[in-house]
Amino acid sequence: MTEKLKRDFIELLEKDPEFRYTVAGYLGLSEILQRMDGHEKRQEKLWEEVKSLREGQEKLWEEVKSLRIEQEKMKKYMVSGFRDLRLALGVTFEEHSASFLELMLEETGYSGAVVEKKYLVHDGEVVEINMFCEDPLVVGEATVSIRTAEEAKKDVEKLIKRAEIVEKKYGRKPILIVLSVARATPEASEILTRMTVEYGIKLILGSEIEEFFQL
């Protein structure tokens, strides 16, 4: 801008109010446009970040999906392995039930839980618990056959007594009490179902275990 043009511009600002308001309005608008331009750039950057987060989230979900598929495969391999081992070694129903209970605990979030036979001394006598897990605290009994209502009642009461002994020994209630029965008559099944519901015991029938291991 030449010196003469500068002087003319200043003179117009001083003497012409309309011109002065026009220039002021232009300058204000220019500032607003600059700010808008800055906001647009920041908005574009924000959308790029959002897009990147979405892509990252989609990638994470794909990894989770892949992990779930692998877990399902591992579960099938484990089940197959248990079945083959049982056939090869002639695993007893008690051991079979313990393996099934370990898988149940695995599925409910207790990874690495070990179910085994346990012997405790109570009132000077040795008490055998054929399915026991300390962490989490689980008590269970496995029975091959229950034929009568009386036998069913005695087995449930026996299990309740063992759960009470464990609670006293460890200072806390078992999170799960399990009764696994390979075979039961209709008469026995009726009593077992009613009593296990009444005392909060998980009843597992042999047919359920066989169906699970044959998946």
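The values are calculated or read from the model by the stated rules, or taken from the named source; none is laboratory data. Note that the coordinates shown come from a computational prediction; the quantities given were computed from them, not determined experimentally. Here Cβ is always computed from backbone atoms with ideal geometry, including for glycine, and neighbour counts include all displayed protein chains.
Worth pointing out:
The rows are residues; the columns are (1) of a type in the set (Val, Ile, Thr); (2) in contact with a helix residue (DSSP H, G or I) (Cβ under 7 Å, 6 or more places away or on another chain); (3) surrounded by fewer than 20 Cβ atoms within 10 Å (Cβ to Cβ); (4) not in a strand (DSSP E or B).
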| site | (1), (2), (3), (4) |
| --- | --- |
| Ala98 | no, no, no, yes |
| Met104 | no, no, yes, yes |
| Ser111 | no, no, yes, yes |
| Glu128 | no, no, yes, no |
| Val144 | yes, yes, yes, no |
| Val181 | yes, yes, no, no |
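- Set Leu176, Leu203: member being within 30 Å of Arg68 (Cα to Cα) and touching a helix residue (DSSP H, G or I) at 6+ places or on another chain (Cβ under 7 Å): Leu203
- Candidates Lys161, Lys169, Lys153, filtered to the one that is in contact with a strand residue (DSSP E or B) (Cβ under 7 Å, 6 or more places away or on another chain) and either assigned by TED's automatic domain parsing to the domain that holds Met104 or over 20 Å from Val127 (Cβ atoms) (or both): Lys169
- Matching residues, segment 146-157, being exposed (fewer than 13 other Cβ atoms within 10 Å of the Cβ) and in a helix (DSSP H, G or I): Glu150, Lys154, Glu157
- Residue that is nearest to the chain's Cα centre (by Cα), among those in segment 155-188 that are free of Cβ contacts under 8 Å to residues at least 12 places away in the same chain and farther than 21 Å from Pro136 by Cα: Glu157
- Exactly one residue out of Glu187, Glu164 is more than 17 Å from Phe93 (Cβ to Cβ), out of contact with any Phe, Trp or Tyr (no Cβ under 8 Å at 6 or more places or on another chain) and surrounded by 15 or more Cβ atoms within 10 Å (Cβ to Cβ): that is Glu187.
- As a summary of the residue check, Leu203 satisfies the conditions (1) touching a residue at least 40 places away in the same chain (Cβ under 8 Å); (2) touching a Leu at 6+ places or on another chain (Cβ under 7 Å); (3) of a type outside the set (Gly, Ala, Ser) except for the one numbered (1).
- Answer from Ala188, Ala163 - the residue that is of a type in the set (A, V, I, L, M, F, W, C), part of a helix (DSSP H, G or I), in contact with a Lys or Arg (Cβ under 7 Å, 6 or more places away or on another chain) and at pLDDT 90 or above: Ala188
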